[in-house]
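Below: one structure, written as structure tokens.
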Amino acid sequence: MLGEHTTFGQKIAAGLMVTAVFAVVIGIVAVFALRTVVERKDRVITVNAPLLNDAQQLRVDLERKGSAVRGYLLTGEEALLQEMREARADFLTTLERLRQNAPTDDGRRLLEDDTRLEDELQQAVDRVVALRKTEPSADALGRAFADQVLPIRERLDAAIRAFAAREQKLLEDARTASNEAAAAAQAWLIGLVAAAAAFAAVVAIFLARALGRQIGTAVGQVQSSSAELQAAANQQATGAKEQATAMNEITTTISELLATSRQIAESAQRVSQIADQTASAARQGDGTVAKANDAIGSIRRQVDLIVGHMLDLGKKSQQIGSVLEIVAELAEQTNILAINATIEAAGAGETGKRFSVVADEIRKLADRVAGSAKEIRALIDDVRSAVNTTVMATETGSKAVDTGSKLFGDVASALRQVGGLVTTTTEAGREIELSTKQQATAVEQVNVAIANVAQASKETEASSGQTLQTASQLAILSKDLLRLVRSGERA
Amino acid sequence: MSGSAAAALRAAFDRSFAEAPAPAGPATEDLLAISIEGQPYALRLSELAGLFADRRVSPLPSPVPELLGLAGLRGRLLPVYDLRRMLGHSPTRDCRWLVVAAAAPVALAFDELEGHVRLAREAIAAAPAAHPEHLPEIAMRPTPRPVLRLASVLAAIQRKTQTLT
């Protein structure tokens, strides 16, 4: 059935289709009724009316035959007998046609009676005609005619009238049935037309209401969409303006980027040149490092010699210390002797004074020797400390030389790596130069494209204005349409 | 030692014998500078009969803790007393030096000998009243140094030995 999701066109098509079905039914009923009426009328015209006419023709032929018989009886002319025979032949022909066309058994039975009576009549006529030839008297013929022919003729006439009356009744019945069929068809047609009109009215009301509701809803949505379209157009216009401004800024930035790219290309070219020079220097540095490594090997040998000499010096210092301990011991013993001599000299009185002088000198000498021994001890300690420090420093230096030698190896390896890297750098610099030039070209193309985009943004801005105007017109149009659609509802 | 220093030493030594004896000056005092447990002391040479180093001291069982033992010095067997204990110190190491008193056959042991010092008499002053026992004077040069009175020490030793007997 027709639901909410049925389109308006489908509803109209369905209504028109039902209406068309009604029209077809009405047409079929009309055709059927017309054919029925025509058939009934045709039957009246082609069956009942000819039968009635033939019945009347039987009476005419019977009257012609009677008139010819009476004329012959009066005149005796043979032409009248011929006329009588022709009239009888016509009568029999008509009677035979009636027998063939009679639709009912009753009719055919009446016609059988007519045939039998006509035979009797003809026999009576034949007898009267024969009498005329023998008896010319008019009275006798008149009596014979009245006695023998007229009764049969009246009965035959009555039978023919009965048949005609019956046929007249059948014709009336057929006409009445035809009229009734026509009236019934007319009633059907009026009913169907009324039903079709009522359905069309219902469909019209339904479609009008559905149209109003659906179009009203659609127009409401169109109004909402128009408002959204206006807002979107405003946003688009604002965005287009901002985009145009941004495009101008981007153009400026791209120009700066272009200049920067050119500077980068120049710098990359200089980097390539410097990298070439660096690679040459790295190769020279590699050779220098190899020489320095040899020199370090020589230094290492010298350091080993220094270490050996220093160790010898330490041993000698130790030996000097041993000797010095003896000297110090001697000085101490001398000092003790001098002090004891001083003590003894003091105990010797005046004679010990000169000895005391000698003892003092010996003691001073011993003191000086002891002081010198201390100084020498200190110096030797310093020498030994210096020797130890020197040995340690030399060993540290030896280790440093080893480390330096290893580092020089690393430096040589690093320099070789630097050479390789510088070569790579040179290639990279050239690639950067080439890429930067390509980038500059691309940036120029981008600049052109940005200009095109800026132009497109301006066009978009103009288009947004047009869209805004169109949206406004659409909103106005939807309001008008809504007013048109809902005017009936408001009324 | 440089050669010039040796030459100066030699010259001074020779000059001391070449020059005439110096005229008598102010009165002097010969002191033996020693060190006991790091503290400076001085002994008068006039109170000593001899100085010895690294002499063997044979321990001698005694109720006197200050008596270290006996030592043979110049043909005499002398008792050796610990000067450190006599001065109230607690010894922490062995004694290397011995001095023999002139007034009694007693040897005293101490830690370290600093040397012979000759001072003018006026350089030796009396110690304050509250000064410890056996140290009545102080030698003022080159640094203040208590001067031991050996007779007082010997008297103390004698009192200890007499108490035992």
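For region A:421-491, would you read off the P(r) tail past 20 Å as a percentage of all alpha carbon pairs?
66
Please give the charge dipole size of the protein assembly as shown, origin at the Cα centre, charges +1 on K and R Cβ atoms and -1 on D and E Cβ atoms. Round to the nearest 20 debye.
2100
If I require 24 Å or longer along the helix axis, counting alpha carbons, and a Kyte-Doolittle average no lower than 1.0, what helices from chain A are left? Use full DSSP H segments.
Span-like helices here: A:8-43.
Expressed as a fraction of 2.2 N^0.38 Å, the rule-of-thumb size for a compact globular protein of N residues, what is the C-alpha radius of gyration of region A:36-79?
Scaled against compact globular proteins, the figure is 1.90.
Averaged across A:330-343, how many Cβ atoms of other chains sit within 10 Å of each residue's Cβ atom?
Counting Cβ atoms of other protein chains within 10 Å of each residue's Cβ and averaging gives 4.
Using alpha carbons only, what's the Rg to Rh ratio of region B:25-77 with Rh from Kirkwood?
1.07
Please give the calculated 222 nm ellipticity per residue for chain B, where each DSSP H segment of at least 4 residues contributes -39500 (n - 2.57) and the sum is spread over every residue; nearest 500 deg cm²/dmol?
My calculation for chain B gives -6500 deg cm²/dmol from helical runs alone.
Quick check on the exposure proxy: order B:S152, A:S457 from fewest to most C-beta atoms within 10 angstrom.
Lowest to highest Cβ neighbour count: B:S152, A:S457.
Rounded to the nearest 500, what is chain A's calculated 222 nm mean residue ellipticity when only DSSP H runs of at least 4 contribute -39500 (n - 2.57) each, over all residues?
Result for chain A, helices only: -35500 deg cm²/dmol.
Past 18 Å, Cα to Cα: identify those pairs from A:K241/A:K458; A:K291/A:K406; A:K316/A:K399, in the order given.
Over 18 Å Cα-Cα: A:K316/A:K399.
Sort all Cα-Cα distances of the protein assembly as shown into consecutive 20 angstrom bins from zero, then give the percent of pairs in each bin up to the one containing the longest distance.
10, 14, 9, 9, 9, 9, 8, 7, 5, 5, 6, 5, 1, 0
Listing A:W188, B:W97 from the residue with the fewest other Cβ atoms within 10 Å to the one with the most, what is the order?
A:W188, B:W97
Test of understanding: ordering B:F110, A:F199 by Cβ neighbours within 10 Å, fewest first, what list do you get?
Neighbour counts put them in this order, fewest first: A:F199, B:F110.
Using alpha carbons only, what's the Rg to Rh ratio of region A:79-158 with Rh from Kirkwood?
Across region A:79-158, the Cα-based Rg/Rh ratio is 1.06.
Using just the C-alpha positions of region A:160-218 as equal point scatterers, what log10 of I(q)/I(0) does the Debye formula give at each q in 0.22 1/Å?
Relative scattering, expressed as log10 I(q)/I(0), comes to -0.85.
Given that compact globular proteins tend to follow 2.2 N^0.38 Å, what is the ratio of the alpha-carbon Rg of region A:369-485 to that value?
For region A:369-485, the normalised Cα radius of gyration is 3.24.
Taking every pair of alpha-carbon atoms in region B:73-137, what share in percent sits in each 10 Å bin, from 0 to the bin with the longest distance?
Calculated P(r), rounded to whole percents: 16, 37, 38, 8, 0.
Specify the angular offset, from 0 to 90 degrees and rounded to the nearest 10, of the alpha carbon long axis of helix B:150-164 from the longest principal axis of the alpha carbons in chain B.
The angle comes out at about 10 degrees.
Find the relative contact order for region A:326-465 and round it to a whole percent, using C-alpha pairs within less than 8 Å whose residues are 6+ positions apart.
18
Using alpha carbons only, how many angstrom separate the centre of region A:48-105 from the centre of region B:66-133?
What the calculation gives is 216 Å, centre to centre.
Would you grab the residues whose amide H sits under 5 Å from the one on B:G50? Only those 5+ places off in sequence or on another chain, please, with H modelled 1.01 Å from N.
Answer set, sorted by chain and number: B:V100.
Please report, largest first and rounded to whole Å, the three semi-axes of the ellipsoid equivalent to region A:1-130, where each semi-axis is the square root of five times an eigenvalue of the C-alpha gyration tensor.
Semi-axes from the Cα gyration tensor: 65, 13, 7 Å.
Can you give the relative contact order of region B:1-91 as a percent, counting alpha carbon pairs under 8 Å and 6+ residues apart?
Relative contact order, region B:1-91: 15 percent.
Expressed as a fraction of 2.2 N^0.38 Å, the rule-of-thumb size for a compact globular protein of N residues, what is the C-alpha radius of gyration of region A:187-308?
3.41
Report the Cα centroid-to-centroid distance between region A:225-272 and region A:397-460 in angstrom, as an integer.
Between the Cα centre of region A:225-272 and that of region A:397-460, the gap is 27 Å.
Out of every Cα pair in region A:270-322, what percent are spaced more than 14 Å from each other?
71
In the protein assembly as shown, what % of DSSP beta bridges are antiparallel (nearest 5)?
90
Go through A:A373, A:I432, A:V418 and say which Cα lies farthest out towards the positive end of the charge dipole of region A:370-491; charges sit on Cβ, +1 for Lys and Arg, -1 for Asp and Glu.
It is A:I432, whose Cα lies furthest towards the positive end.
Any idea what log10 I(q)/I(0) is at q = 0.10, 0.13, 0.16 Å⁻¹ for region B:23-130, Debye with uniform C-alpha scatterers and no solvent?
Log10 of I(q)/I(0), two decimals: -0.32, -0.53, -0.77.
Give me log10 I(q)/I(0) at q = 0.15, 0.19 Å⁻¹ for region A:332-435, Debye formula, one equal scatterer per alpha-carbon, no solvent.
Values, matching the q order: -0.81, -0.94.
In terms of Cα to Cα distance under 12 Å, which aspartates and glutamates are near enough to A:K364, apart from those fewer than 8 places away along the same chain?
A:E332
Find the relative contact order for chain A and round it to a whole percent, using C-alpha pairs within less than 8 Å whose residues are 6+ positions apart.
Reported relative contact order: 23 percent.
Bear in mind that the values in this text are calculations on the coordinates, not laboratory data. Worth saying up front: this structure is predicted, and the values here are computed from it rather than measured. Glycine gets a Cβ as well: all are built from the backbone with ideal geometry, and neighbour counts include every protein chain shown.
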